[in-house]
Amino acid sequence: MLCSQCLISVEARPIVERRNLLANGLGMTPPMGWNTWNHFYCDINETIIRESADALVSTGLAKLGYRYVNIDDCWAEHD
């Protein structure tokens with residue numbers, strides 16, 4: 001049994017031209033960085049943060065687009 005109300009009609013729609021979403025420079029590269037958690041876990045301090053940021057520059061990663069050092073310092077721990 002075929003239900004005529006269950007059929008979905010396909011209407012002709014005008015072709016929409018795609019706009020250039022990268023024209024403003026956003027999205028050219030994903031947010032690139034390094035997360036401290038997998039290496040330092042909860043043992044993080046100012047020296048480690050500065051050394052991590054300096055390493056992005058000294059290794060050339062900053063020139064390749066790496067801009068962020070994500071500091072995860074166990075902020076959600078009870079103690």
A careful count of residues in segment 28-38 that are open to solvent by 90 Å² or more (accessible area, probe 1.4 Å) and assigned to a strand (DSSP E or B) gives 1
Taking only pairs six or more apart or across chains, which ones have beta-carbon atoms under 8 Å, a first residue in segment 49-75 that is hydrophobic (A, V, I, L, M, F, W, C), and a second residue that is in a loop (DSSP other than H, G, I, E, B) and open to solvent by 100 Å² or more (accessible area, probe 1.4 Å)? Cys74/Tyr41
Which of the residues belonging to segment 70-79 are open to solvent by 40 Å² or more (accessible area, probe 1.4 Å) and either farther than 22 Å from Tyr41 by Cα or hydrophobic (A, V, I, L, M, F, W, C) (or both)? Ile71, Trp75, Ala76
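This table checks each residue for (1) open to solvent by less than 100 Å² (accessible area, probe 1.4 Å); (2) of a type in the set (S, T, N, Q); (3) at pLDDT below 70.
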position	(1), (2), (3)
Arg19	no, no, yes
Leu26	no, no, yes
Phe40	yes, no, no
Thr47	yes, yes, no
Gly60	yes, no, no
Gly65	yes, no, no
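The values are calculated or read from the model by the stated rules, or taken from the named source; none is laboratory data. The shown structure was predicted, so the numbers you read here are calculated from the model rather than taken from an experiment. FYI the Cβ positions are ideal-geometry reconstructions off the backbone, even for glycines, and counts take in every protein chain you see. Side chains included, ligands, DNA and RNA excluded: accessible areas come from the protein's heavy atoms. Shrake-Rupley method; radii C 1.70, N 1.55, O 1.52, S 1.80 Å.
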